[in-house]
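The values are calculated or read from the model by the stated rules, or taken from the named source; none is laboratory data. Since the model is a prediction, treat every value here as computed from it, not as a measurement. Using ideal geometry, Cβ is built from the backbone for each residue, glycine included, and neighbour counts are taken over all protein chains shown.
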Amino acid sequence: MDKTQFIVLVLLTLATFMTALDSTIVVLALPVMLTALHTDLSILVWVILIYILTVTIFSTQLGKLGDLKGRAKMFNFGMILFGIGSALCGLSTSAIELIGFRTIQALGGSLMTSNTMAIASDYFRPEERGFVFGTTSMGWNLGAVAGILAGGIITTFIGWRWIFYINVPIAIFSFITGLAYLKDRGVRVKQDFDIYGAITLGLSLGLLSMAGITYAGVGYNNVVGLMILLGLALFAIFIYIETRAKSPLISLRLFRIKMFTLSSFSYFFQYMANNAILFLLIMYLQGVRGLNPFYASIWLVPGYLLGSIAATFGGRLADRSDARVIASIGLMLQAVAYVLYDTLLTLTTPFYYITIIASISGVGAGMFFAANGKMVMLDVPRDMYGIASGTNRTIGNIGILLSFIIAIVVSSMAIPRSVAFQIFVGTSVLTPSLMAPFINSLHMAFRASLALVAVAIATSWSRTRVPMTQQRRIVDRP
């Protein structure tokens, strides 16, 4: 690894570290912000949701822009935009302002994450990418840990605004370093940007995502049904546009690449299963066991730390052996963790049991992300790196969004939806009469997540490598 590659790896790792730090630290600060901004929980929860929604809607389009205008340019612009959005979030005087500024921050985050895999593929050979994605995965886990530890200290002793200000110096340093060292190495294709495809895809994903969020919040109604119908109709129009566009936003030929498609959907099912479990565990620790957000998160920290170690070793193994096997073993470890949760979690389960199981899941996730990240881009042609990276990010984020919906819907089978949101952010605990039904609903979620991760294992294991000469014929075929 030369100096430039090392600096690029540091930049990519810092970007994932910063986004992970932000995601965990914001969740911990919600109870404090609720009081400081004099708002309702139903409004403040959008501080989290708007970020997920924005990244879901725009990742594909921004990945395509990376192909057209330069991935390094998009990444650097995203870094400074994330920093500006963070500073504005810290200056917010109301919940509405904070949600608006979080949208700016999310656009910056989307510019970075939608081009990260493409930049890694530009700078590193396939036999090096397992280590690269293992390192960025380590950055994510360490960022989550830093968010947990810093969140408790900052909100208690300094003030909630500094959970956003902390991103600013990281963003400035990374932006300046990126300008100096991060250069475009990808193939530039002179094409028009598919504006109609971008608009219809964005509207479709926005409507479908809003339908899911609304369903999680209030249940099914005519508005939810209408949003689903309109979202599906717009998606059908998007497909029609793409099949006829001279320069489509997403070349449907991308999905002929078996390695890319199966790897992306492995992400989708893993994200959906893993994040649903994480959301519900937090609700259990806060709503049933009465822990505050900081102490609830502390019990999960060892899982993140071991996941960091597993990601680096898993990445090395993926470079030296069959990455498919490493990714599948990681998913199997997560399946074991879900079985243990289903077997052992009760009203009085010792906390260290949860830590041990979370550590098993963390090791599995670390191995999976390192190996699967390598396989997503393995057979993608160089001129499609950006759109492949962005599309993969969109698919993964849809999985995260669905995991949140699953968590709220499953918990609302036993408790009122309003209470589910309250225990998620740590502003309330369950009454004794609701605890047992909630535990029963958790076990249903564990089994559902086990089924989802089983699908992820199946898609992961079914991947086979297609030689690049043959793959080029597949992609170029009309």
Please find, among A180, A150, A146, the residue that is more than 24 Å from the chain's Cα centre (by Cα) and of a type in the set (G, A, S).
A180
How about segment 302-357: which of its residues are more than 23 Å from F438 (Cβ to Cβ), of a type in the set (F, W, Y) and touching a helix residue (DSSP H, G or I) at 6+ places or on another chain (Cβ under 7 Å)?
Y304
For A436, state whether it is farther than 26 Å from S114 by Cβ, modelled with pLDDT of 85 or more, small (G, A, S) and surrounded by fewer than 20 Cβ atoms within 10 Å (Cβ to Cβ).
yes
Quick one: which helices (runs of 4 or more DSSP H) sit completely within segment 115-207 and have at least 3 residues that are surrounded by fewer than 23 Cβ atoms within 10 Å (Cβ to Cβ)?
129-153, 167-181
Can I356 be described as closer than 30 Å to Y295 by Cα, surrounded by fewer than 24 Cβ atoms within 10 Å (Cβ to Cβ) and free of Cβ contacts under 8 Å to residues at least 24 places away in the same chain?
yes
Take the residues in segment 22-55 that are in contact (Cβ under 8 Å) with a residue 60 or more places away in the chain and outside any helix (DSSP H, G or I), then tell me which one is nearest to L207 (Cα to Cα).
V45
Which of (1) under 25 Å from Q422 (Cα atoms); (2) modelled with pLDDT of 90 or more does N76 not meet, given it meets every other one?
(1)
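Conditions tested, residue by residue: (1) in the same structural domain as F255 (by TED's automatic domain parsing); (2) buried (at least 20 other Cβ atoms within 10 Å of the Cβ); (3) part of a helix (DSSP H, G or I); (4) free of Cβ contacts under 8 Å to residues at least 24 places away in the same chain.
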| residue | (1), (2), (3), (4) |
| --- | --- |
| D383 | yes, no, yes, no |
| G390 | yes, yes, yes, no |
| I398 | yes, yes, yes, no |
| S403 | yes, yes, yes, no |
| A407 | yes, yes, yes, no |
| M413 | yes, no, no, no |
| A420 | yes, yes, yes, no |
| I423 | yes, yes, yes, no |
| T427 | yes, no, no, no |
Segment 219-275: number of residues that are surrounded by 22 or more Cβ atoms within 10 Å (Cβ to Cβ), outside any helix (DSSP H, G or I) and modelled with pLDDT of 85 or more:
1
Looking at D379, is it more than 21 Å from the chain's Cα centre (by Cα) and buried (at least 16 other Cβ atoms within 10 Å of the Cβ)?
yes
Do we find a residue being more than 28 Å from Y123 (Cα to Cα), assigned to a helix (DSSP H, G or I) and without any contact (Cβ under 8 Å) to a residue 24 or more places away in the chain anywhere in segment 91-100?
yes
